[in-house]
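Take a look at the structure set out below.
Just so you know, all these numbers are worked out from the coordinates, no wet-lab data involved. What you are looking at is a predicted structure, and each value in this text was computed from that prediction instead of being measured. Reconstructed Cβ throughout: ideal geometry from the backbone, glycine too, with neighbour counts over all protein chains shown.
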Amino acid sequence: MRFVGYLGSLLATFLGLSAVTFAIGRFIPTDPVLAIVGDHASRATYERVRLEIGLNRTIPEQYALYLGRVLHGDFGHSVMTSNPVASDILHFFPATLELATLATVIGVLVGVPAGVAAGALRGRWPDHLVRFLGLFGYSMPVFWLGLVGLWLFYAKLGWVAGPGRIDVGFEDLVEPRTGVLLVDAALARQWDAFSNALAHIALPATLLGYISLAYIARMTRSFMIDALSQEYVVAARVKGCTFWGAVWTHAFPNILVALITVVGLSYASLLEGAVLTETVFAWPGLGLYITRSLFNADMNAVLGGTLIVGAVFIGVNATCDFLYRIVDPRLRTA
């Protein structure tokens, strides 16, 4: 019964999300018919397209039709690309997935140990260093960091490749099996293409990873300070446990549930597009696709991308709920 109730809550959340995206598409001051037929179409053409997309029906009927199409994976056609929106999303989303995943890995591998050290050594130089780096990461606009990074590491030092996902000369060498370019290049054993793709993703992934680790380190520090003040840690120290043994063996496992939430939210926020970063680096991901669609009044693409972003958040939250029960046995019977 708990599982059925949980599925029901996920379904209700998705229905609410679909209702919001439908409302956005219907009530913003943009004529979807004109976006399809153009300003110079005849009145007869305008009315025919209006009937075809169901704008002559009542709002509840329009929503029912919209929901039915969405459940069948039909988000309409993009005016900008002339392709089905679902096909465009399948094409652009893997690039965002690749970038966000690598950035989150960097954020976790650096941010968690840094946050643990800052919390354990509160008031000492590692704590001050982590807090300074975290504050800097929060304060600097991401587009400014991206532009400075391109100027320094690409234009001046030549350590990384420029904007884009891969050089033009390597595009046709890699068969798109998964859509994740690094994985596809490795599977095809095209190591030159792999190196080139890695050189392109290194800077934007490191930049987003820094933004992610600033948040993860700050929250980990807060959780660790609270955990180290608990009686079970004091009891472990009295029984002869070393300081770092108490930190990693007793305190750290007890912050994992909260830490999973932080990492999940960070990952979901990166998966939603990292719009500014993708724009600065010309990264062909979902965020750049939605931004360009918005500027072109391509509402089918905007709403389809927005719905996918919301579904990603729902999926990440569901995954976090599953992981909670793995790391905390008390929740398995809750």
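What to note about this one:
- Gained length - S9 relative to R124, 0.36 nm times residue gap less alpha-carbon distance: 36.9 nm
- FRET efficiency estimate (nearest 0.05) - Cβ-Cβ, D74 to V234, R0 56 angstrom: 0.40
- The stretch 7-146, relative contact order [Cα under 8 Å, separation at least 6], %: 10
- Against the chain, whose longest principal axis is taken from its Cα atoms, helix 286-295 shows a tilt of about 40°.
- For the chain, the longest principal axis of the alpha carbon atoms and the long axis of helix 299-327 meet at an angle near 30°.
- q = 0.18 Å⁻¹: log10 I(q)/I(0) that the Debye formula gives for the stretch 234-293, counting C-alpha atoms only: -0.68
- Taking the Cα centre of the chain as reference, the dipole from Cβ charges on Lys and Arg (+1) and Asp and Glu (-1) amounts to some 1180 debye.
- Three semi-axes of the equivalent ellipsoid, the chain, Cα gyration tensor, whole Å, largest first: 42, 28, 17
- Projecting label points 7 angstrom from Cα along Cα→Cβ for A258 and F132 puts them 2.6 nm apart.
- Helix 256-271 vs. the chain, principal-axis angle (Cα, 0 to 90°, nearest 10): 30
- For H77, residues with placed amide H under 5 Å, excluding near neighbours: V85
- Modelled spin labels at F322 and W248, positioned 7 Å past Cα toward Cβ, are 2.9 nm from each other.
- Length added when fully stretched, E47-E61, from 0.36 nm per residue minus Cα-Cα: 3.2 nm
- Burial ranking of peptide ranges 170-181, 205-216 (average Cβ count within 10 Å, highest at the top): 205-216, 170-181
- Selected from A100, Y138, L303, residue furthest toward positive end of dipole (the chain; charges at beta carbon): Y138
- Between V20 and L173, the distance separating the two model label sites (each 7 Å from Cα on the Cα→Cβ line) works out to 4.4 nm.
- Charge tally in the Cβ shell below 12 Å around T249, where Lys, Arg are +1 and Asp, Glu are -1, T249 excluded: +2
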